[in-house]
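The values are calculated or read from the model by the stated rules, or taken from the named source; none is laboratory data. Model, not experiment: these values are computed from the prediction. Glycine also receives a Cβ, built like all others from the backbone with ideal geometry; neighbour counts cover every protein chain displayed. With ligands, DNA and RNA removed, areas are computed over all heavy atoms of the protein, side chains included. Shrake-Rupley method; radii C 1.70, N 1.55, O 1.52, S 1.80 Å.
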Amino acid sequence: MNWRPHFTIGAFAGAIVALALHCEIFIIFLAAIIGGISALAPDIDHDSSKIRKAADLTVPIFGIFFALSSSCYTDVLCITDNWKGIIVSALAITGLYTIVITYLKPSHRGIIHSLLFALAYFAVLYAISDFAFALFGFVGYASHLLADGEIKLA
Ligand SMILES: [Zn+2]
């Protein structure tokens, strides 16, 4: 299945969960986006997938933002004090991604297409955001496995 139906199904899954949680309209919209993008995530194990191309671009950017937000949570001015640490963490995130994708390259529809990985994905989102967002991401991710008809534990 290519990325469009996966995105649509994931967006619906995210929005439905947000509706069930009685979220306000903005959060429902956000949940749809998170669910949709998360539904693309499993195909990162596919070399020519949309998400892979997007990830090659966004992971370094995300790395910078993550490093910024984790070291300068309240004060923007601290960037000048912590710039070395920020660059190091951003490079570490990008490097880790590159190593995993290039050298450990999981087979298509392998471990990444599993509930175990969906849970790991949930855990990562939960660590960097909050429970509701992690849940939107999880249902999006899980919707991909359902749509592929590949429900396995690990
Ligand atoms: Zn797939």
Checking the conditions here, which among ILE86, ILE112 is closer than 24 Å to GLY35 by Cα, outside any loop (DSSP other than H, G, I, E, B) and either modelled with pLDDT under 80 or open to solvent by less than 80 Å² (accessible area, probe 1.4 Å) (or both)? ILE112
Single unsatisfied condition, SER38 versus (1) over 17 Å from the mean Cα position of the chain (by Cα); (2) within 16 Å of the ligand (Cβ to nearest atom); (3) not charged (D, E, K, R): (1)
Find the residue count for region 122-134, including only residues that are assigned to a helix (DSSP H, G or I) and either small (Gly, Ala, Ser) or within 19 Å of LEU21 (Cβ to Cβ) (or both). 9
Whichever residue in region 60-83 is at pLDDT below 70 and loosely packed, with under 14 Cβ neighbours inside 10 Å and, among such residues, is nearest to ALA127 (Cα to Cα): TYR73
Matching residues, region 42-68, being in contact (Cβ under 8 Å) with a residue 60 or more places away in the chain, part of a helix (DSSP H, G or I) and either of a type in the set (Ser, Thr, Tyr) or within 16 Å of the ligand (Cβ to nearest atom) (or both): PRO42, ASP43, ILE44, ASP45
From the list THR102, THR94, which one is in a helix (DSSP H, G or I), loosely packed, with under 13 Cβ neighbours inside 10 Å and not assigned by TED's automatic domain parsing to the domain that holds TRP3? THR102
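Here is a yes/no grid of residues against (1) in contact with a Leu (Cβ under 7 Å, 6 or more places away or on another chain); (2) of a type in the set (A, V, I, L, M):
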{"position": "LYS84", "(1), (2)": "no, no"}
{"position": "ILE87", "(1), (2)": "no, yes"}
{"position": "VAL100", "(1), (2)": "no, yes"}
{"position": "LEU115", "(1), (2)": "yes, yes"}
{"position": "ALA118", "(1), (2)": "yes, yes"}
{"position": "TYR126", "(1), (2)": "no, no"}
{"position": "SER129", "(1), (2)": "no, no"}
{"position": "GLY137", "(1), (2)": "yes, no"}
{"position": "ALA154", "(1), (2)": "yes, yes"}
Cβ-Cβ under 8 Å pairs, at least 6 apart or on other chains, region 122-145 side under 24 Å from ALA67 (Cβ atoms), far side small (Gly, Ala, Ser) and open to solvent by 10 Å² or more (accessible area, probe 1.4 Å): ALA134/ALA123
Filter region 95-154 down to the residues that are within 16 Å of the ligand (Cβ to nearest atom) and hydroxyl-bearing (Ser, Thr, Tyr), then identify the one that is nearest to GLY63 (Cα to Cα). TYR121
